[in-house]
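Enquirer: Below is a structure I'd like to ask you about.
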Amino acid sequence: MKTRLVGTTLPVLEVGLEQGDRIVSEPGRFSWMTRSIVLQTTAQTAGAKGFLGVVGRALSGGGLFMNEYETSGSPGMVAFAAKVPGSIVEVQVNSGQTYFIHRHGFLCGTEGVDLSIGFQRSLGAGIFGGDGFILQKLAGTARAWVELGGEIVTYTLAPGETLQVHPGHVGMFEGTVNFDITLLPGLKNKIFGGDGIFIANLTGPGQVWLQTLTMPNLAHALSPYMGREGGSTSSVVSGIGGDSAGIGGAIAGGVIGSVLGSIFNKDD
């Protein structure tokens, strides 16, 4: 199996499959493939064992069903494009090793990947963690690819070393890292701080991948431009992708393009 990452801001993962290779992804992740690739949708894959396993995977952000891709005989290729501006990270998962990733982080994995719902140490973290309150648990023996929003900042935490992070910026961390959620200290901070009332505590040892972009932040950045006169959400959508694109749609599309450009342009 050969893979290739194409692009920067909106990357695409191309996976070349030989006879006997199989790749698993969540529904809605497929972008394009060659004619020799066969797609099969099934619930009993990605480590799901029985009905409860399927439901647990769905609650973690995966689907009740998963898509499996393999060749019909001759070599082929299937591609998975990122949904938001960001990065795609490959991880090698070995037996007895786990990763915890944000709810919509799993892109795809090879046969043997085990995807389930995962809370670490504190059930309170699972209930009250805001953007990051549900975590996917990545285990098994496989190669897996994870999509993270924006830029990636990594830290290797020493035993007992703690990093405090806004929950939405927690992209992925090794299973050896303890994850917990606590209240932001100070009443004024909670009410007027504008950063929510919870903070994630990541305590080593282990590696942590933080993402600079979260979907709520992206939606918040675009929201002032979505409700202006003559530029409703429906006109923006039709202006970008419909046959009824007009001047209003073009202007709205240009505004969104300018905003995205100002947010995501990288330094040369």
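Enquirer: Considering only the range 84-117, state which residues are at pLDDT below 90, within 15 Å of Glu147 (Cα to Cα) and among the charged types (D, E, K, R).
Expert: Once the filter is applied, which keeps residues that are at pLDDT below 90, within 15 Å of Glu147 (Cα to Cα) and among the charged types (D, E, K, R), the range 84-117 yields only Arg103.
Enquirer: I've got another one for you. What is the one condition in (1) touching a strand residue (DSSP E or B) at 6+ places or on another chain (Cβ under 6 Å); (2) more than 26 Å from Phe80 (Cα to Cα); (3) at pLDDT 95 or above that Phe173 does not satisfy?
Expert: (2)
Enquirer: Tell me the residue from Thr45, Thr71 that is of a type in the set (S, T, N, Q), surrounded by 17 or more Cβ atoms within 10 Å (Cβ to Cβ) and at pLDDT below 90, please.
Expert: On the way: Thr71 fails: at pLDDT below 90.
It is Thr45.
Enquirer: Can you tell me which residues in the range 1-35 are of a type in the set (Gly, Ala, Ser) and over 10 Å from Val78 (Cβ atoms)? I'd like the intermediate steps shown before the answer.
Expert: Residues of the range 1-35 that are of a type in the set (Gly, Ala, Ser), as a first pass: 7, 16, 20, 25, 28, 31.
The answer is Gly7, Gly20, Gly28.
Enquirer: I've got another one for you. Restricting the first residue to the range 6-17 and requiring it to be touching a residue at least 12 places away in the same chain (Cβ under 8 Å) and outside any strand (DSSP E or B), which pairs with a second residue that is polar (S, T, N, Q) and loosely packed, with under 15 Cβ neighbours inside 10 Å meet a Cβ separation below 9 Å and a spacing of at least six or different chains?
Expert: Close Cβ pairs satisfying both conditions: Thr9/Asn265.
The values are calculated or read from the model by the stated rules, or taken from the named source; none is laboratory data. Since we're looking at a predicted model, the values are computed, not measured. Virtual Cβ from ideal backbone geometry, glycine too; neighbours counted across all protein chains shown.
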